[in-house]
Structures are given as C-alpha cells and as structure tokens.
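Take a look at the structure set out below.
The values are calculated or read from the model by the stated rules, or taken from the named source; none is laboratory data. Since the structure is predicted, the reported quantities are computational estimates derived from the model, not experimental observations. Quick reminder, even Gly has a Cβ in these numbers, built from the backbone with ideal geometry, and neighbours come from all protein chains shown.
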Amino acid sequence: MFLTDCLGINEKNNLTIGGLDVADLAKEFGTPLYLMDEDKIRENCRIYKNAMEKYYGKGLVLYASKAFSCRYICRLVAEEGMGLDVVSGGELYTAISAGFPMDKVYFHGNNKTAQELTLAVDNNVGRIVVDNISELEMLSSIAKSKSKTVSVLFRIKPGIEAHTHEFISTGRIDSKFGVALETGEAEEIIKYAKSLANIDVVGVHCHIGSQIFDIDPFLLAAEKMTGFIADIKDRHGIEIAELNLGGGFGIKYLSSDDPVPYDEYIKAVSGVVKDVAKKRGLTLPKILMEPGRSIVAPAGITVYTVGAVKEIPNIRTYVSVDGGMCDNPRYIMYGSEYEAVVVGNPLGLREKTVTIAGKCCESGDILVKDIALPLVKAGDLIAVLATGAYNYSMASNYNRISRPPVVMVSGKKARLAIRRESYEDLMRNDL
Ligand code: LLP
C-alpha cells in the first residue's frame, strides 16, 4: 500500500508509522519532525546479519553511520551485534560516547587528521581503513609514539563503474578515495605497510558507490578484490585476512524502484568470494559489508506542516512547508526524488500536481518536484517518505533554522532520540 510496510493507515484515516498515528506524533513533538520505525531498523539489521551467517559464515555486517549517526542508533546497532563504520572524529566520538564496542569499529575517510587518528588509536578502534601513503605514515608514527600496534585495511579503487549519481560513485580511478588497483598503487602501499613498525596489515576495502540497484558491479568488485588478495599472496607471500566490500545497496524511494532484496546481495557476493578463493587456493577471508542507507532510509519519514500554497496559473503550484533543504538537502544536491503523502488523507485521490518547497532562501529549495497529491491547505501535514538516511545526517542550520528532532517508534511507543534544536542551541558557540 505504501512504500514500506512500517507505514499504515488507521481508523481516523491518518497515516501511521510503527502503528502510531503520525498526526498525534506531530502534535506531541511539533514539525518538522523526523520519525523512524526502530523495529524496522532492527529487522533490516537482522536480514543482513542472518544472511551473512547463512551464506558465508565468516563475516560481520557494519552499519555505515554516515547515513544517520547519533547515540541512540549506535546503541541499537550494538544491541543487534553489528559493527560500525565511522568516517570522522565526530562519528567516532558519538560511538565512543554511546559505549559502542571499539573492536567492531572501522574508521574510514580520505583525509583523516592527526587528531582524529590519535582519538582512534587512544580508543583502540578495531580497524583503521587507510586511504593513502601519507595517512599510513602518520598513523605508523602515532602508533609508535604510543607503543601500540594498529590493525589496518586499505581503501582500494577497484576500477568499477557503478550506475548511480556521479557524486556518490566512488569506485573509479578518478576518485579521491583510496589507491588504485590497476596502476599497482594498491600493491605498493601494502608492501610498504608490511615494512612499517606498529602497523598490522589485516585487510583490503572497497566501496563502489551508493544507491546502486544492479547486483553485477558488486559481484565484479568481489571478484576483483578476492583476486587481488590472491595476487598479493602469490607475489609477496602476504596474507590478507579481511575483505571489506563496502555498502551502497539501493533502496526504494519511489514505488517504481525495484531494489534487490538485501539478503540476495550477501548471497551472491558470498558465492563469488568463495568461488574465487577456491580457484586460487586461498583461505576464505573474513568478509565485511557496510550498508547504511538500506538499514535506516526505509524506516524514516519526515513530517511537515503546510504553510503557503501558491498557485501560479498555467505554471506550477508551490506547497511550502516548514522545513526544506536544511533538513533534506538531497534534492538540491542530487535531484533526488521522493514520494510524499498527506498525513490526514494518505490514500486520497491525487488530483493535483504540486511542488513541495521548503522555507529556505533558495529557489532550489525543493523537497519533491511535481508530485500528484490530494488537495492541501495551510495547516495540513505532509510526510515525505524514506528519509531515514542522509537527511538528519546531512541537515544544516542554513538560514539559522534549527534541526528537527528525531523520534523513534518501537512497540507502539515513541521515544525522543534527538531533541529539537532551540534558538539558544543555534547560538551555543557564538561569542
Ligand atoms: N562504506 C563507505 C566507505 C561509504 O563511503 C559509504 C557511503 C557506505 C559504506 C554506505 O553506503 P550506503 O549503504 O549508505 O549507500 N549522501 C549521499 C550518499 C553518500 C554515500 C557516501 N558513502 C546520498 O544522500 O545519497
């Protein structure tokens, strides 16, 4: 009926999430409001985790916290027995403060600072995913100064074209992330790392992009990377124990989207790694996957209150809401498309095509362009669907608009995970 099964409709003809009335939640917490179905997030975690156990065995699924990071989600992911991908000192600090088991944390990033690496080493982060030679040298000297040995993976560009938005495609040679496979750069950094004190070479990592629907680029990446592990062993006798294949699995933003079921990815990729390992006489590496979007996006919606409705005859009707690019910059950044529903009339006849616009001082501040909706007026509530990933985490205070709260729904109870920012919060660091 709706995009995801965590949404429904109740006897008042209102939209529900996790069985709770969205209009009631909007009343209680105000709008704009991010709502997330915690049970759905847990279900998604379990699909990945169970598939890894069933199809491969020796693996760990990490949640990519860039999709949505806060203490609440870190605690939830820890309870689900997953690992965590962090990509900055801030994400790492969030995980530390949530009490996340540090041995299951993988620290990514193409330009980690000495301060961030020091925080990671001091807190015994499980793995650092090294991006380049200068980072490797910096990390080795930090580890040495603290008499510690750090376990590393290397970010590799496998040279794969994934069909997605250019800004979120990362596996090609022309990418700022990692070292290239085909130029020999990847092999060189691994050999060099072996010669460094306080560095333990554990694995290799790749991530080919995000919101990818095809399964083939993932299989190709798995094949190339496993082959590379075998090459490194044959040529240099270096054993690579871990293969991290990143995230990037596409989700359903529109009812016309047709993503591959999550467990199918794991099944198919596991098959490829096993095949190549067998052919090349390789001990099976431990595999890691790092989904972010596919765990949280489908579980989230954003609720807005309609304000001005502006009809420009023969051109367009703008329905302006009380949020916008400050809480969801994905349209302005990538031209992303979303579905939306009127909270008090979710299945009503969609008789008018409108553009849902935000309240920021930019013409491009649009949430959904040209969507057919039932007629709306000021005061009505609109929910934009599948906003659980890369919305709160990419929100800004542009125009000094405060970030909305995040409310988690579980077992028909709503819990605040992140408070709404106040005007005082906005000025917290002003002198
Ligand atoms: N691992 C690495 C190293 C990554 O760079 C990413 C995403 C992931 C895992 C998780 O990918 P996911 O499963 O969430 O697709 N802001 C963009 C998405 C940027 C993704 C960046 N890296 C958007 O809103 O579409």
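Please go through region 326-342 and pick out each residue that is of a type in the set (V, I, T) and either touching a His at 6+ places or on another chain (Cβ under 9 Å) or away from the ligand (no atom under 16 Å from the Cβ) (or both).
Those that are of a type in the set (V, I, T) and either touching a His at 6+ places or on another chain (Cβ under 9 Å) or away from the ligand (no atom under 16 Å from the Cβ) (or both): V341, V342.
Conditions tested, residue by residue: (1) assigned to a loop (DSSP other than H, G, I, E, B); (2) free of Cβ contacts under 8 Å to residues at least 40 places away in the same chain; (3) not charged (D, E, K, R).
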{"residue": "K191", "(1), (2), (3)": "no, no, no"}
{"residue": "V204", "(1), (2), (3)": "no, no, yes"}
{"residue": "D214", "(1), (2), (3)": "yes, no, no"}
{"residue": "A222", "(1), (2), (3)": "no, no, yes"}
{"residue": "G246", "(1), (2), (3)": "yes, no, yes"}
{"residue": "S256", "(1), (2), (3)": "yes, yes, yes"}
{"residue": "Y265", "(1), (2), (3)": "no, no, yes"}
{"residue": "A277", "(1), (2), (3)": "no, no, yes"}
{"residue": "L282", "(1), (2), (3)": "yes, no, yes"}
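Please work out if S393 is surrounded by 15 or more Cβ atoms within 10 Å (Cβ to Cβ), within 16 Å of the ligand (Cβ to nearest atom) and at negative phi.
So S393 fits the description; yes.
Mind counting the residues in region 302-333 that are at negative phi and in a loop (DSSP other than H, G, I, E, B)?
Adding up the residues that qualify gives 9.
Every residue in region 231-256 that is under 17 Å from E185 (Cα atoms) and either surrounded by 22 or more Cβ atoms within 10 Å (Cβ to Cβ) or touching a Gly at 6+ places or on another chain (Cβ under 8 Å) (or both), please.
Listed by number, the list holds a single entry, I240.
Take the residues of region 75-89 that are within 15 Å of the ligand (Cβ to nearest atom) and over 18 Å from C45 (Cβ atoms): which is farthest from the chain's Cα centre (by Cα)?
Residue satisfying both the conditions and the ranking: S88.
Select from region 76-89 the residues that are out of contact with any Asp or Glu (no Cβ under 9 Å at 6 or more places or on another chain) and either assigned to a helix (DSSP H, G or I) or over 15 Å from A64 (Cα atoms) (or both) and list them in ascending order. If you could, list the steps in order and put the result at the bottom.
So in region 76-89, the residues out of contact with any Asp or Glu (no Cβ under 9 Å at 6 or more places or on another chain) come out as 77-82, 86-87.
Within region 76-89, V77, A78, E79 qualify.
To keep it simple, each residue is scored yes or no on (1) more than 16 Å from the ligand (Cβ to nearest atom); (2) part of a strand (DSSP E or B); (3) within 25 Å of L416 (Cβ to Cβ).
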residue	(1), (2), (3)
G344	yes, no, yes
R350	yes, no, no
C361	yes, no, no
K377	yes, no, no
I382	yes, yes, yes
N399	yes, no, yes
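One line per residue, one yes/no per condition, for (1) modelled with pLDDT of 95 or more; (2) within 15 Å of the ligand (Cβ to nearest atom); (3) over 27 Å from M225 (Cβ atoms); (4) in a helix (DSSP H, G or I):
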| residue | (1), (2), (3), (4) |
| --- | --- |
| D103 | yes, no, no, yes |
| A120 | yes, no, no, yes |
| S141 | yes, no, yes, yes |
| I173 | no, no, no, no |
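Quickly run through region 296-315 and pick out the residues that are free of Cβ contacts under 8 Å to residues at least 40 places away in the same chain and closer than 15 Å to L375 by Cα.
Correct list: K310, E311.
Quick check on region 274-290. Is at least one of its residues more than 16 Å from the ligand (Cβ to nearest atom), under 29 Å from V86 (Cβ atoms) and touching a strand residue (DSSP E or B) at 6+ places or on another chain (Cβ under 7 Å)?
Yes, the conditions are met somewhere in region 274-290.
Pairs please, first residue from region 67-86 and in the same structural domain as A51 (by TED's automatic domain parsing), second anywhere and within 13 Å of the ligand (Cβ to nearest atom) and among the basic types (K, R), Cβ atoms under 6 Å, 6+ apart in sequence or on different chains.
Partner pairs satisfying both residue conditions: A67/R293.
In region 292-316, which residues are buried (at least 18 other Cβ atoms within 10 Å of the Cβ), out of contact with any Asp or Glu (no Cβ under 7 Å at 6 or more places or on another chain) and polar (S, T, N, Q)?
Within region 292-316, S294 is the sole residue that qualifies.
Considering V152, V179, V202, which residue is more than 16 Å from the ligand (Cβ to nearest atom), modelled with pLDDT of 95 or more and touching a strand residue (DSSP E or B) at 6+ places or on another chain (Cβ under 9 Å)?
Values: V152 fails: more than 16 Å from the ligand (Cβ to nearest atom); V179 fails: more than 16 Å from the ligand (Cβ to nearest atom).
Of the residues listed, the single one that is more than 16 Å from the ligand (Cβ to nearest atom), modelled with pLDDT of 95 or more and touching a strand residue (DSSP E or B) at 6+ places or on another chain (Cβ under 9 Å) is V202.
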